[in-house]
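First comes the structure, then the notes that go with it.
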Amino acid sequence: MYKQILLQVCIIGAFFALQAASQGPVNQPCLGCLCEAISGCNATKVCQGDVCGPFRITWAYWADSGKPTLNGESDESPTAYSNCASDIYCSALAVQGYMDKFQKDCNGDAKIDCDDFVQIHILGGYGCAGNLPQAHHDRYHQCKRIVGNSN
C-alpha cells in the first residue's frame, strides 16, 4: 500500500513538471506513465552510459526528436543533448518530437494511444511491435491503473 501511495505522489509530481510539455501527440498522463515505466521518473539520474535523464534518452533518440534544447542553447553544443535529456521538461519535449515522427499503431488495435507510445519509446520507432521488458511493462500498467486511461 505504501509503495502505491509513493508511486501516486511521484506520478502527480511528474504530471506538474510535464504539463507544459504536453503539447503534442502524447498527453500528460501518458508522459507521466511513460516516465514512470522507463526510470521510475527518476529526475536525479543525469547520464548513465549512453542514456540520460528521466526518460532515459539516447543521443540518437534526441536527434530524431528534432534536438530540442534548454535556454536557447545551440543544438550543436557538446552539452545540448545531455542538458536537454537530463531536464524533465526538455526531455518531455524530445519525447513529443520523437512521437510526432514515429507515431503508429504498434499493437494492432486500430488506434494510436499511450500503449503504442510506450512501446515506441522503449522498443524504438521501427521495432515497436515487440514485447516490452517485463519490468517496464509492469511499471507502465501499474501507473495506468492508478491514473486511468492514459490516452
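Distance from a point 7 Å along Cα→Cβ of LYS104 to each backbone N in the range 47-68: keep the residues under 18 Å and list them by number.
Residues 61, 64-65 qualify, since their backbone N sits under 18 Å from the label point.
Relative contact order for the range 2-147: what is it in percent, counting Cα pairs under 8 Å that are at least 6 residues apart?
24
Assigning unit charges at the beta carbon (Lys, Arg +1; Asp, Glu -1) and nothing else, what dipole magnitude in debye, to the nearest 20, does the range 2-147 show about its Cα centre?
400
Can you put VAL95, VAL26, VAL147, VAL46 in order of Cβ neighbours within 10 angstrom, beginning with the fewest?
VAL46, VAL147, VAL95, VAL26
Readers should treat all values here as calculations from the given coordinates under stated rules, not as data from a laboratory. Only a predicted model underlies this, so the values are computations on that prediction, with no experimental measurement involved. Heads up, the Cβs are rebuilt from the backbone with ideal geometry, glycines too, and the neighbour counts pull from every protein chain shown.
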